Each structure stands twice: as C-alpha cells, then as structure tokens.
C-alpha cells in the first residue's frame with residue numbers, strides 16, 4: 001500500500017528555532033497536564049498570537065504492548081495536536097480543556113516515518129479559540145496529521161503555565 005504524501009508550501013511552515021530553548025518546557029507542561037509517560041508527547045512549546053507550536057518528544061517509551069503493535073491512526077500524533085491546541089488555551093485563556101469534537105482528521109504518516117527530522121504540531125486558533133486547525137509537520141514541511149475544526153470543552157478553574 002502506498003502512503004499518501006502531502007506537503008505544505010515551504011513559506012507556510014514557520015517553525016520556532018531549536019537553537020534556543022522553547023519558552024514552555026516539558027516540566028511546565030506536565031505540571032499542568034496529567035498524562036502518563038507514553039503520552040507526554042511534548043518536549044516543549046511556544047505560543048504567539050493565534051498560533052501554538054509543539055515539539056514532539058524524541059524520547060518516548062513504547063505506545064502499546066507489544067511495542068510494535070499496529071494501529072489504524074497515529075494516536076500520539078493526534079494527541080500532540082490536542083495538547084498543542086490545549087497549550088494555546090492554557091496560555092491565552094488560562095483554562096484547561098478536554099477534547100469535545102472535531103470536523104475531520106487525516107493521517108498521512110506515522111511517527112516512525114519521521115526519520116531524522118523532528119515533528120511539530122502547528123495549532124491555529126480560529127475565532128478567538130472557538131476551534132483549531134492543527135497539523136503535524138516535519139522540518140521539511142511534510143504533513144503527518146491534519147486535524148481540522150477541533151473543539152474543546154473547558155474545565156472549571158484557571159490554569160497558568
């Protein structure tokens with residue numbers, strides 16, 4: 001079976017520099033998030049304006065048992081989308097939120113297809129954060145996952161990063 005290939009125009013993939021630390025580090029993220037080791041998918045993040053960028057962790061334990069179990073979707077890359085959009089909400093709205101729905105999700109590649117390129121989630125807040133379009137891309141602009149129309153439901157209380 002041939003994998004579908006999708007790329008983004010080079011000028012639309014503006015990723016943060018990895019030459020300096022990301023403003024939101026892993027420790028700060030997982031003080032707020034409650035995920036276990038296999039789903040602590042963010043190494044770091046940046047939020048600016050209506051966009052959040054999340055760098056996929058390069059060092060994760062196996063996702064399933066057995067470690068090479070097949071899956072129909074890329075669950076950790078979809079989770080990367082959720083967590084990156086959630087960091088935008090935590091930063092911009094001071095709220096923690098859980099997934100409520102989405103318009104569509106398309107998986108083009110899995111995390112194992114990244115090779116030596118790092119993966120990033122790029123989350124765009126739409127209508128002031130009412131929904132998000134999120135794409136997981138590598139540093140060359142290849143799209144791995146496209147999650148459109150993601151909506152969340154806010155938990156009570158305030159949170160800060």
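The values are calculated or read from the model by the stated rules, or taken from the named source; none is laboratory data. No experiment lies behind these values; they were computed from the predicted model shown. Methodologically, a virtual Cβ is constructed for each residue, glycine included, from the backbone with ideal geometry; neighbour enumeration extends over all protein chains shown.
Residue 95: touching a helix residue (DSSP H, G or I) at 6+ places or on another chain (Cβ under 7 Å) and in a helix (DSSP H, G or I), yes or no? Here the answer is no, as residue 95 does not meet what is asked.
Counting residues in the range 146-157 that are outside any loop (DSSP other than H, G, I, E, B), farther than 29 Å from residue 27 by Cβ and either in contact with a helix residue (DSSP H, G or I) (Cβ under 6 Å, 6 or more places away or on another chain) or in contact (Cβ under 8 Å) with a residue 60 or more places away in the chain (or both) gives one or more.
Restricting to the range 103-135, what's the tally of residues that are at positive phi and not in a loop (DSSP other than H, G, I, E, B)? Residues meeting the conditions: 3. Tell me, yes or no, whether the range 137-145 has at least one residue that is at pLDDT 95 or above and assigned to a loop (DSSP other than H, G, I, E, B). Looking through the range 137-145, none of the residues is at pLDDT 95 or above and assigned to a loop (DSSP other than H, G, I, E, B).
If we scan the range 141-148, do we find a residue that is surrounded by 14 or more Cβ atoms within 10 Å (Cβ to Cβ) and within 19 Å of residue 17 (Cβ to Cβ)? The answer is yes; a qualifying residue exists. In the range 34-46, of all residues being in a loop (DSSP other than H, G, I, E, B) and modelled with pLDDT of 95 or more, the one that is surrounded by the most Cβ atoms within 10 Å (Cβ to Cβ) corresponds to 41.
Just one of the listed residues (100, 74) is farther than 17 Å from residue 161 by Cα, more than 14 Å from the chain's Cα centre (by Cα) and either buried (at least 18 other Cβ atoms within 10 Å of the Cβ) or modelled with pLDDT of 95 or more (or both), and it is 100.
Restrict the check to the range 45-60 and report whether at least one residue is over 23 Å from residue 124 (Cβ atoms) and touching a residue at least 60 places away in the same chain (Cβ under 8 Å). Yes, some residue in the range 45-60 is over 23 Å from residue 124 (Cβ atoms) and touching a residue at least 60 places away in the same chain (Cβ under 8 Å).
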